[in-house]
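What follows is a single structure, written as structure tokens, with notes after it.
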Amino acid sequence: MPLAVRRIAHATPDYDTMVALRRAILRTPLGLDFTADQLTAEAGDVHLAAFAGDELIGTVVLTPYKEATFKLRQMAVADSHRGRAVGTQLLMAAEHTARGEGATRILLAARVTARDFYARHGYEVEGEAYIEVTLPHVTMSKVLKSSDAA
Ligand SMILES: CC(C)(COP(=O)(O)OP(=O)(O)OC[C@H]1O[C@@H](n2cnc3c(N)ncnc32)[C@H](O)[C@@H]1OP(=O)(O)O)[C@@H](O)C(=O)NCCC(=O)NCCS
């Protein structure tokens, strides 16, 4: 099934499907959920979704931060589609989109379990591990090359 990564507008049916996948992978297993305020605050974010045919199988969100930096959040791939480079393609699409929006750097809070995934794609750890949403995380960042531009 060919993979496509598309930009999704906030508060649309596809956005709701993204939130459902994010919730199932990143929040429900921790006994947590998004608040209405958190989702409302995402109106200015860039939402990218991976599709296998009509099925939405992966998500990533970019939040404008500061000094030409985007925060990359909510990277999640449906269990049954992992290990087939969907995450890699979402990450590349996010970097391409961020560069196209004028960003030169991406910052993220990586679950320690996903640290090697980001490291393989050029992200470097900054500082010590800390706890977020009950799990150990590390801050990671990457300077984007101009060849990543849209
Ligand atoms: C982290 C996550 C997004 C990665 O998504 P993914 O689609 O599995 O990522 P990729 O397939 O691009 O790469 C992951 C692995 O598959 C391998 N891989 C890449 N392309 C592959 C291919 N064509 N065939 C087989 N394996 C492949 C990679 O070497 C990598 O190996 P690793 O497991 O040692 O890291 C996914 O595992 C996930 O959703 N995890 C749960 C939520 C989470 O932790 N999110 C990150 C929060 S910071």
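For the range 115-147, taking the residues that are farther than 18 Å from Thr63 by Cα and among the charged types (D, E, K, R), the one that is surrounded by the most Cβ atoms within 10 Å (Cβ to Cβ) is identified as Arg115. If the condition is being more than 9 Å from the ligand (Cβ to nearest atom), aromatic (Phe, Trp, Tyr) and closer than 23 Å to Ala98 by Cα, then the range 108-150 contributes only Tyr123. Here Ala11 passes the criteria (1) on the phi < 0 side of the Ramachandran plot; (2) in contact with a helix residue (DSSP H, G or I) (Cβ under 9 Å, 6 or more places away or on another chain); (3) not in a strand (DSSP E or B) except the one numbered (1).
Looking at the range 64-80 only, could you name the residues that are within 14 Å of the ligand (Cβ to nearest atom) and either in a strand (DSSP E or B) or at pLDDT below 95 (or both)? Within the range 64-80, Lys71, Leu72, Arg73, Gln74, Met75, Ala76, Val77 meet the criteria.
Are any residues in the range 81-96 within 16 Å of Val143 (Cβ to Cβ) and either of a type in the set (S, T, N, Q) or near the ligand (Cβ under 8 Å from one of its atoms) (or both), and if so, which ones?
Leu91
If you go through the range 97-114 and pick out every residue that is of a type outside the set (A, V, I, L, M) and either touching a His at 6+ places or on another chain (Cβ under 9 Å) or surrounded by fewer than 15 Cβ atoms within 10 Å (Cβ to Cβ) (or both), you end up with 5. Taken over the range 97-132, the residue count meeting the criterion of being hydrophobic (A, V, I, L, M, F, W, C) and either part of a strand (DSSP E or B) or at pLDDT below 95 (or both) is 8.
The values are calculated or read from the model by the stated rules, or taken from the named source; none is laboratory data. Note that the structure is a prediction, hence the values are computed from the model and not measured. Every residue, glycine as well, gets a Cβ built from its backbone with ideal geometry; the counts of neighbours run over all protein chains shown.
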